[in-house]
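K.L.:
For reference, the structure I am asking about is given below.
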Amino acid sequence: MRALIIFVILLILLIGCGGGEPDALPTSAALLERPGEVTPDISSPTATQLPPTTDLTAVYLNENPTAAPTTPAPTRTATPVNAVLNIIDPAQEEVVLMGQTYIINGLVEREEDQTVWVSLFTSNGRLLVEQQANFNDIGWRTDMFIPRFVSGAAEMVAVLRDPDGSIVSTYRQPFTLLPNTSTEEQYLILSNPERDGTGVSGFNIFFDGRIKRPTNNRVTITVYGEENCQTRIARQSFTLGSSVNEFYWSGFAIPSHSYAGPACAVAHFGEPGAADWREAQVPITIFSTDDENATGIHIANPRIDNLEFVSGQQILVYGTAFNISSREVFLSLLLENGRIVEQQTVPTDFWGYFELSLTLPLDVQGFAQIIVETGDDDIFADDIRLINILPAPTPTPGPPPTVTPFPTPTPSS
C-alpha cells in the first residue's frame, strides 16, 4: 500500500512541472560498426543517373495538321499465262470418215481475250476448213463438217491467237481421211504409195487403189515437190474401164531426174472445186540416185488385197527396182518348209520396171513367199509378198461318153 501512495505523489509532482522549458532531445547514439565494414554516408541525397524526362511543355497540337499519306486501292492485275494448246480429237493417225460432222476438241491455257482457231489442211497444204472454236470448263471444242472431196493424209491445226490476230501457239495433229464407201456415190482411194513412202529420181513410182464412178472414166496421177508440194515434177493420165461399182486401178509416174526432197503423191479425177472432183494424196520422199537410201524394190503385183491363188495358176509379178536401170533382179518362190520351187532372173527397163509370169506348181499348197531381190552384201534390196496357195479344184466326174455305133453299110446291087 505504501508503494501505491508513493507512485501517486510522484505523478502529481511530474504534472506540476510540465510548464517549464522542454528538455533537449537525446543525442543519437553512434551506430555499431562491425570490424572491416564501411558505413555509408547518408547525410545528404545523391542524384541518380536516370534518363531525362520528356518536357511536356514542348508537346503541342498543330493547328493545321498534315494529311496522312493515302494507300491506293488495290487493282486486279492479270497473271500471265503460259500458253498451252493441244488437240485430243482426232487422235494422232486416227481414221476419220469424210462427208460427216466430227467433234474437234482439245485443252488450252490462255488469257481471257485470246481465241482458238481450227483448220483442216491436206498434205499438200490446201486449206479445206477453218473456223473458230468455243470454250468450255477444260478446253475448247468445235463441230466441223469434213468435206468429201480430198482423202488420204491430212492435218488438223489449232492456233491460239491474240486479239490483234498474232499467233501465240500452234498445235498440229496428223490423221487420215477416208471416204465413206457405204454412202458415197463417187470416191477415190489411194493405197500406194503409202504415207511417208519413198521413191527415186527418174524411176517409176507405183500408184494404185480403189475408185468408184470417176468423172469421164479418167484418173490423173501427179507427184509434186518443193515446199507444200506446189511444184509438179511428174504427171500421168489414163482412161479406166466404165462401171457403176467400185473397182481397182493402178498406174506409174516417173519423177524428174533433177528433183530430190519432200514430195506428195496425188491422184484425182474431175476439176478441183467442182462437185464431181475427188482427190487422194500422201506425203513421200524422193531420193537422188546418189543417195545411200536410193536402192529399193517394190512389188506392185500381186496386190496386198488379193493374195490367194490355186495350184497351177499363173501369176503376173511386176514392180519397180529403184536405182537399178537396165539390170537384172532375182525372183524366188519360197514355201513354208524352206523349199524353193522357183528361181528366175528378171531384167529391168530404163525406169526400173520388171515383169514376170510365174506359174505355181501343181503339187504345192499353203503359204509361200514371192521374193524379189537385187544387189550384193554392200548394196542389197528386196521386197517380199506373202501369198496363200490353195489346192486346185478336183474335176467333177461326168457321165460316161456315149458310143455311137458305126453304121452298117447297105449292100448295093
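K.L.:
Using the Karplus equation 6.51 cos²θ - 1.76 cosθ + 1.60 (θ = phi - 60°), what ³J(HN,Hα) coupling, rounded to whole Hz, does each residue of region 209-217 give in order, writing x for Gly and Pro?
P.N.:
With the stated coefficients, region 209-217 comes to x, 10, 8, 9, 6, x, 4, 6, 6 Hz.
K.L.:
Quick check for me: using +1 on Lys/Arg Cβ and -1 on Asp/Glu Cβ, what's the dipole size of region 269-394 about its Cα centre, in debye to the nearest 20?
P.N.:
500
K.L.:
Could you tell me whether region 256-361 comes out rounded, prolate or oblate from its Cα gyration tensor? Rule is a ≥ b ≥ c as square roots of the eigenvalues, rounded for a/c under 1.5, then prolate if a/b exceeds b/c, otherwise oblate. Could the numbers behind the result be given before it?
P.N.:
Working: a/c = 2.69, a/b = 1.45, b/c = 1.85.
Oblate is the answer for region 256-361, as a/c is 1.5 or above yet b/c matches or exceeds a/b.
K.L.:
Run the quick spin-label model on residue 350 and residue 119: label points 7 Å from Cα toward the beta carbon, then report their separation in nm to one decimal.
P.N.:
Placing both labels 7 Å beyond Cα along the Cβ direction yields 4.2 nm.
K.L.:
By how many nm would the segment from residue 111 to residue 289 lengthen if fully extended, with 0.36 nm per residue of separation less the alpha-carbon distance? It would help to have the intermediate numbers written out before the result.
P.N.:
Values: separation 178, 0.36 × 178 = 64.08 nm, distance 5.15 nm.
Using 0.36 nm per residue and subtracting the Cα-Cα distance, I get 58.9 nm.
K.L.:
Estimate the FRET efficiency between residue 305 and residue 170 by the formula 1/(1 + (r/R0)^6), using the beta-carbon distance for r and 51 Å for R0, to the nearest 0.05.
P.N.:
Values: r = 38 Å, r/R0 = 0.74.
Efficiency at R0 = 51 Å is approximately 0.85.
K.L.:
Compute the signed sum of charges (Lys and Arg +1, Asp and Glu -1) over the other residues within less than 11 Å, Cβ to Cβ, of residue 99.
P.N.:
On the way: positive: 148; negative: 184, 185.
Taking every Cβ under 11 Å from that of residue 99, the sum is -1.
K.L.:
Still on this structure, please answer the following. Please give the contour-minus-distance gain from residue 228 to residue 143: 0.36 nm per residue of separation, less the Cα-Cα distance, rounded to one decimal in nm. Before the final figure, lay out each step's value.
P.N.:
Numbers: separation 85, 0.36 × 85 = 30.60 nm, distance 2.67 nm.
Extending this stretch completely gives an extra 27.9 nm.
K.L.:
If you don't mind, another one. With the Cα gyration tensor of region 89-246 giving a ≥ b ≥ c as the square roots of its eigenvalues, does the rule (a/c under 1.5 for rounded; else a/b larger than b/c for prolate; else oblate) give rounded, prolate or oblate? Please report the intermediate quantities before stating the final value.
P.N.:
Working: a/c = 2.83, a/b = 1.77, b/c = 1.60.
Cα axes put region 89-246 in the prolate bin.
K.L.:
In nm, to one decimal, how far is the modelled label at residue 340 from the one at residue 237, with both set 7 Å along Cα→Cβ?
P.N.:
4.7
K.L.:
Still on this structure, I have one more. Given H placed on each backbone N at 1.01 Å, which residues far from residue 191 in sequence or on other chains put an amide H within less than 5 Å of it?
P.N.:
Under 5 Å from the amide H of residue 191 lie the amide H atoms of 208, 209, 210, each far enough along the sequence or on another chain.
K.L.:
Tell me, what is the FRET efficiency for residue 130 and residue 386 to the nearest 0.05, using R0 = 60 angstrom and their Cβ-Cβ distance as r? All intermediate terms of the calculation are to be shown ahead of the outcome.
P.N.:
Values: r = 44 Å, r/R0 = 0.73.
The pair residue 130/residue 386 has a calculated efficiency of 0.85.
K.L.:
Just to be sure I understand the model, the point goes 7 Å from the Cα along the line to the Cβ. What's the resulting residue 275 to residue 181 distance in nm?
P.N.:
Between residue 275 and residue 181, the simple spin-label model gives 2.6 nm.
K.L.:
Using +1 on the beta carbon of Lys and Arg, -1 on that of Asp and Glu, and nothing else charged, what's the dipole of region 214-293 about the Cα centre, debye to 20? List each step's numbers first, then the result.
P.N.:
Numbers: 4 positive and 9 negative charges, 71 e Å.
For region 214-293, the charge dipole is close to 340 debye.
K.L.:
Determine, from the Cβ-Cβ distance of residue 362 and residue 248 and an R0 of 22 Å, the FRET efficiency 1/(1 + (r/R0)^6), rounded to the nearest 0.05. Could the numbers behind the result be given before it?
P.N.:
Numbers: r = 28 Å, r/R0 = 1.27.
Approximately 0.20, to the nearest 0.05.
K.L.:
With a ≥ b ≥ c taken as the square roots of the eigenvalues of the C-alpha gyration tensor of region 185-326, please select rounded if a/c is under 1.5 and otherwise prolate if a/b is larger than b/c or oblate if it is not?
P.N.:
On the way: a/c = 2.30, a/b = 1.12, b/c = 2.06.
In terms of gyration-tensor shape, oblate.
All of the numbers you see were taken from the coordinates with simple rules; none came from a lab. In this text the structure is predicted, and so the values were computed from the model without any measurement. Counting neighbours? That spans all protein chains shown, and the Cβs are built from the backbone with ideal geometry, glycine included.
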